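I have placed the structure first, in the form of structure tokens, so that the comments after it can refer back to it.
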Amino acid sequence: MEVQQSKHTANTSTTGAPRRSMHDPANGHFRALTLYAEDPDCVKAARDMVGSYLQNWGLAYAVDDARLIVSELVGNVVHHAVPDDHLATPGAGRRIDAWLMNWPGLLGIGVSDEDSTPPDLPAGEFISPELAGDFIEALLPDRGRGLLIVQRLADAVWWSPGLKGSGKTVWARLDLDRLWVEYSA
Ligand SMILES: Nc1ncnc2c1ncn2[C@@H]1O[C@H](COP(=O)(O)OP(=O)(O)OP(=O)(O)O)[C@@H](O)[C@H]1O
Ligand SMILES: [Mg+2]
């Protein structure tokens with residue numbers, strides 16, 4: 001009886017409202033993976049992490065889009081990120097942190113790097129895919145497709161500066177209800 005009471009107290013804030021622990025699956029899931037851009041397997045490792053956790057969380061219908069998004073974002077760090085001067089250590093690997101977060105109805109994917117230069121997020125497409133018809137490939141640029149693909153797959157794409165102005169994180173949000181509807185159609 002005493003044990004039960006102390007358990008209850010441990011999960012209760014001073015106002016009496018239950019605390020939301022991120023370890024309680026009812027409140028969502030959170031996973032992070034640190035990678036290094038020089039590791040030839042880093043994109044695959046991020047993809048595999050995303051795939052296996054989403055399967056475990058019962059979100060198999062989000063796996064394909066989420067894997068492609070994290071691949072593009074980690075690939076961008078590998079190809080474009082140059083660590084800020086005070087973070088650059090000669091000979092050291094460039095650090096990448098991949099984040100995967102799930103709240104009811106939402107999935108968040110974030111990729112952090114040590115370069116505070118923002119990504120060049122496409123402002124929008126000049127012509128709709130419907131109007132372009134069969135010529136869509138010809139209208140797309142040869143480069144700079146990665147974030148366009150991420151924007152197409154995600155419900156929102158943005159970036160945030162890192163702590164104390166160092167580095168940044170590029171984020172994508174997927175609305176799970178929309179994904180489920182598309183998947184089940
Ligand atoms: N993590 C990043 N750090 C610094 N710059 C970035 C980062 N991600 C993207 N960028 C910038 O944004 C631009 C657009 O990225 P995007 O992924 O759309 O195209 P790309 O990587 O150049 O080509 P593609 O993805 O088609 O191979 C990049 O060319 C780069 O200048
Ligand atoms: Mg890219």
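Computed FRET efficiency, Cβ-Cβ of Asp41 and His80, R0 22 Å: what is it to the nearest 0.05? Computed FRET efficiency for Asp41 and His80 comes out at 0.70. Note: relative contact order over segment 29-184, using C-alpha pairs below 8 Å and six or more positions apart, is 26 percent. Other residues within the sphere of radius under 11 Å centred on the Cβ of Ser116, judged by their own Cβ, net out at -3 (K and R +1, D and E -1). Summing charges over all other residues whose Cβ lies under 15 Å from the Cβ of Ala46, with Lys and Arg as +1 and Asp and Glu as -1, gives -3. Among residues other than Asp84 with Cβ under 12 Å from its Cβ, the summed charge is 0 (Lys and Arg +1, Asp and Glu -1).
Each value in this text was obtained by applying a stated rule to the coordinates, not by laboratory testing. Because the structure is a prediction, the values reported are computed rather than measured. Heads up, the Cβs are rebuilt from the backbone with ideal geometry, glycines too, and the neighbour counts pull from every protein chain shown.
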